[in-house]
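Structure, as structure tokens:
The values are calculated or read from the model by the stated rules, or taken from the named source; none is laboratory data. Because the structure is predicted, anything quoted here is derived from the model rather than measured. For neighbour counting, all protein chains shown are included, and Cβ atoms are generated from backbone atoms with ideal geometry for every residue, glycine included. For accessibility, only protein heavy atoms count, side chains too; no ligands or nucleic acids. Shrake-Rupley method; radii C 1.70, N 1.55, O 1.52, S 1.80 Å.
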Protein chains: 2
Amino acid sequence: MADLDAVYFDIDDTLCATGGFALRARRNAVRAMIEAGLRADEELVWNELVEVIAEFSSNYEHHYDKLLLRLPPEALEGVNRVLVVAAGVAAYHDTKFRELTPYPGAAELLRDLSAAGVRVGVITHGWTMKQAEKLVRLGLTRWLDHDAVFISDQIGIAKPNPKLYLAALRAHGIAPGRAMYVGDNPVNDIAPPKRLGMRTALARLRQRPADDVAALPESHRPDHVVTSYAELRALLRDVYGVPLPASGA
Amino acid sequence: MADLDAVYFDIDDTLCATGGFALRARRNAVRAMIEAGLRADEELVWNELVEVIAEFSSNYEHHYDKLLLRLPPEALEGVNRVLVVAAGVAAYHDTKFRELTPYPGAAELLRDLSAAGVRVGVITHGWTMKQAEKLVRLGLTRWLDHDAVFISDQIGIAKPNPKLYLAALRAHGIAPGRAMYVGDNPVNDIAPPKRLGMRTALARLRQRPADDVAALPESHRPDHVVTSYAELRALLRDVYGVPLPASGA
């Protein structure tokens, strides 16, 4: 019998490469705004946008409005602000939706876990509709039960509060020690479920040095680090005894 | 010399076929929600959605949430509401953006009017970002001056209030008698500019009977009815003396 009853996943940079495409989408937005008439150097606009996102959070709804407020007045001379913002928004969304795909092997692992009788869920931080639309566009909803998605905005509990993870365990009647969480951020995705006694896997699917894990405080150190879905599959199969095929083909 | 200094256009069902694609986009949204697990007959869901839109206006932001509230409880048994709504939203937007193109000849006429020294503008009812994004996606912004777009939500004046039209004329310093408005709705697009003394053209670009124009009260009767951009071009050239090429090739 498998040692796990449930595996929960983060979305961003865990099921899909959000970080990378968000950067490209914003870069395309800046270019589209300049094409739409904004009179400023691309790097200047880009640097302001990076600051706006850092200051107002990536989930803020009016990045481009704020961006225009911060640019020198000559950048907006003879410019229709509304059309410039709309050009940025359209380019951002087009890039995002075009590029949104699951990491290789992610969909297959969800499918095979589900077939193996292991509960598959998503516990994610963000706005309800934004996160739900990502799951729809990733094509992953068919592997998720109707009560398997926990979005902080929907639940009213934000990461890193462990209560968000507890809400999922309680809804499914699963003991913490028989559930694993897979996420990319030690503070938000490892420390809270670990505190509850859940198993944890740090997803290092983007190009990042893996050697900083040893430097994490014990409370933030994951049980496992995986750099691909093939590795995660092997871990679940070989270490936790989940009856999965060796490959997700 | 031309008898017109400016031509203003409505967006929806005048520059592009909004009505038709909105219907198709909503139909695809209903299908996607059923695919995402909604347990109800397509026609039942469709009829409820049509009622929601009639009751809450087409610009309301939460059609699908309201729709789910109205369906019988068994339709939602074992269903993740959030994922169903997200599936509907994604299908709606995908259809809308895929199908959004200007009516044949519209872009060319804007270009040629602009080249002929006639001011081209847009006066439209709706939400600022939604209408601005349509213009961006239609590819028409290059023919529009930076101060040529008047959106009711942005100006704070809604159709059929003639003040919305007056705001454009004042901004451009143009006498009403030397400006034409082209729109598809006698109440919103003909009566108000006519009251100001503007020239009016009723755009009948969708398949609709044209014979009801004679039945309109004098206050709502347009100076002209056009059923294509070729007709509008000929009208502006031959009747108003605007120096336009005979065709928009």
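Take the conditions (1) away from chain B (no Cβ under 12 Å); (2) buried (at least 17 other Cβ atoms within 10 Å of the Cβ); (3) in a helix (DSSP H, G or I); A:Arg111 misses just one of them, which is (2). The sole residue among A:Ala36, A:Ala106, A:Ala54 that is modelled with pLDDT of 95 or more and among the small types (Gly, Ala, Ser) is A:Ala106. When every residue of the stretch A:207-222 is checked against the conditions, none turns out to be within 21 Å of A:Asp145 (Cβ to Cβ) and in contact with a helix residue (DSSP H, G or I) (Cβ under 6 Å, 6 or more places away or on another chain). For the stretch B:226-238, filtered to residues that are free of Cβ contacts under 8 Å to residues at least 40 places away in the same chain and surrounded by fewer than 16 Cβ atoms within 10 Å (Cβ to Cβ), the residue that is farthest from B:Cys16 (Cα to Cα) is B:Asp238. Within the stretch B:65-81, restricting attention to residues that are part of a helix (DSSP H, G or I) and open to solvent by less than 20 Å² (accessible area, probe 1.4 Å), the residue that is nearest to A:Phe150 (Cα to Cα) is B:Leu68. If you filter the stretch A:68-85 down to residues that are without any contact (Cβ under 8 Å) to a residue 24 or more places away in the chain and at the interface with another protein chain (Cβ under 9 Å from one of its Cβ atoms), you find that the one that is nearest to A:Val45 (Cα to Cα) is A:Arg81. If you go through the stretch A:86-105 and keep only what is free of Cβ contacts under 8 Å to residues at least 60 places away in the same chain and either crowded, with 18+ Cβ neighbours inside 10 Å or at the interface with chain B (Cβ under 9 Å from one of its Cβ atoms) (or both), you end up with A:Ala86, A:Ala87, A:Gly88, A:Ala90, A:Phe97.
Quick check: is even one residue across the stretch A:2-11 open to solvent by less than 40 Å² (accessible area, probe 1.4 Å) and in a helix (DSSP H, G or I)?
Of the residues in the stretch A:2-11, the ones open to solvent by less than 40 Å² (accessible area, probe 1.4 Å) are A:2, A:4, A:6-11.
Then keep just the ones that are in a helix (DSSP H, G or I); that gives none.
The answer is no, given that none of the residues of the stretch A:2-11 is open to solvent by less than 40 Å² (accessible area, probe 1.4 Å) and in a helix (DSSP H, G or I).
Filtered by the rule that a residue be small (Gly, Ala, Ser) and crowded, with 19+ Cβ neighbours inside 10 Å, the stretch A:18-34 gives A:Ala25, A:Ala29, A:Ala32. What are the residues in the stretch A:35-52 that are of a type in the set (A, V, I, L, M) and open to solvent by 30 Å² or more (accessible area, probe 1.4 Å), if any? Matches in the stretch A:35-52: A:Ala36, A:Leu44, A:Val50. When the stretch A:149-207 is limited to residues that are open to solvent by 40 Å² or more (accessible area, probe 1.4 Å) and in contact (Cβ under 8 Å) with a residue 60 or more places away in the chain, the one that is farthest from the chain's Cα centre (by Cα) turns out to be A:Ala175.
Taking the condition within 17 Å of the chain's Cα centre (by Cα) and either at positive phi or in contact (Cβ under 8 Å) with a residue 60 or more places away in the chain (or both), does A:Gly117 pass? Step through it out loud before you land on a result.
Details: within 17 Å of the chain's Cα centre (by Cα): no; either at positive phi or in contact (Cβ under 8 Å) with a residue 60 or more places away in the chain (or both): yes.
For A:Gly117, the condition - within 17 Å of the chain's Cα centre (by Cα) and either at positive phi or in contact (Cβ under 8 Å) with a residue 60 or more places away in the chain (or both) - is not met.
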